[in-house]
1. Given the options PHE87, PHE120, PHE41, which has the most mean-square fluctuation in a GNM of the chain, springs set between C-alpha atoms less than 10 angstrom apart?
2. Counting other beta carbons within 10 Å of each residue's own, what order do HIS68, HIS124 fall into, fewest first?
3. Under a Cβ-Cβ cut-off of 12 Å, what is the net charge of the residues other than GLY64 that fall near it, where Lys and Arg count +1 and Asp and Glu count -1?
4. Choose one answer from SER158, SER134, SER148: the residue with the largest mean-square fluctuation in a GNM of the chain with alpha-carbon springs under 10 Å.
5. Considering the values (1) 18.2; (2) 17.6; (3) 18.6, which represents Kirkwood radius over Cα pairs in Å as calculated for the structure under consideration?
6. Roughly speaking, what is the centre-to-centre gap between region 72-101 and region 19-65 when only Cα atoms are used, to the nearest Å?
7. What is the dipole size for the chain, taken about its Cα centre, with +1 at each Lys and Arg Cβ and -1 at each Asp and Glu Cβ, in debye to the nearest 20?
8. Distance in nm between label sites at SER21 and VAL187, each 7 Å beyond Cα in the beta-carbon direction?
Amino acid sequence: MKSRFLSFFLLFLTLQLSSQSLDIKLLRYINSPNDLQTDNFFKFVSNSTAFVIVGLPVGMGVAGLIKHDDELFRNACATLTATAIGFGVSEGLKYIIKRDRPFIPYPDINPKAGDITPTFPSSHTTTAFASATSLSLAYPKWYIIVPSYTWASAVGYSRMALGVHYPSDILAGAIIGSGSAWLTHYVNKKLSIRAHKKP
């Protein structure tokens, strides 16, 4: 399973590097060289990531402790763990790959946020999708899934609209974040089964 994921990710990297022209074409379509009224909205969405990825699991964890709800508390821990794993992988890859932000090689891209670290993959998108996927796996209801993924997708789009990420950065972040959530959910499920089996 791990080798398949690694092979898929390496194939994705190869395709991403070979389709640089498509990447920049899509980004130019999304990022406006002019300052727009929607820029502040996208900055808000982008900045909301830090509050949601911390506030969501902390809120769930506190509620779980108050209600003595072990499942809710475990889901909070799983969400926080998935986000931490995704963030760690994403940040590690940034400094291994060391891809420049799009506005460095392409001066026509208008950077509307002050990000200067390497760009691939998008950590904002990674953590947003880790949180959204964790919540959706724990509570698979449409009224949880739709808002969760709408927000995560909006975060990813905002990073392109602000000119600080390529589309491939966003796609990779979504894959890493969702993957870390699936892995954590699987482990959480196994631990839950073991806990219920204990006399």
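1. With Cα springs under 10 Å in the chain, the top fluctuation among PHE87, PHE120, PHE41 is at PHE41.
2. Result, fewest neighbours first: HIS68, HIS124.
3. Numbers: positive: LYS67, ARG74; negative: ASP69, ASP70, GLU71.
So the surrounding residues net to -1.
4. SER148
5. Structure-derived value, by its label: (2).
6. That distance is 16 Å.
7. On the way: 19 positive and 11 negative charges, 157 e Å.
Value, rounded to 20: 760 debye.
8. Those two pseudo-labels are separated by 4.3 nm.
Rule-based calculations on the coordinates, nothing more; no lab input. All figures in this text were calculated on a predicted structure; none of them were measured in a lab. For neighbour counting, all protein chains shown are included, and Cβ atoms are generated from backbone atoms with ideal geometry for every residue, glycine included.
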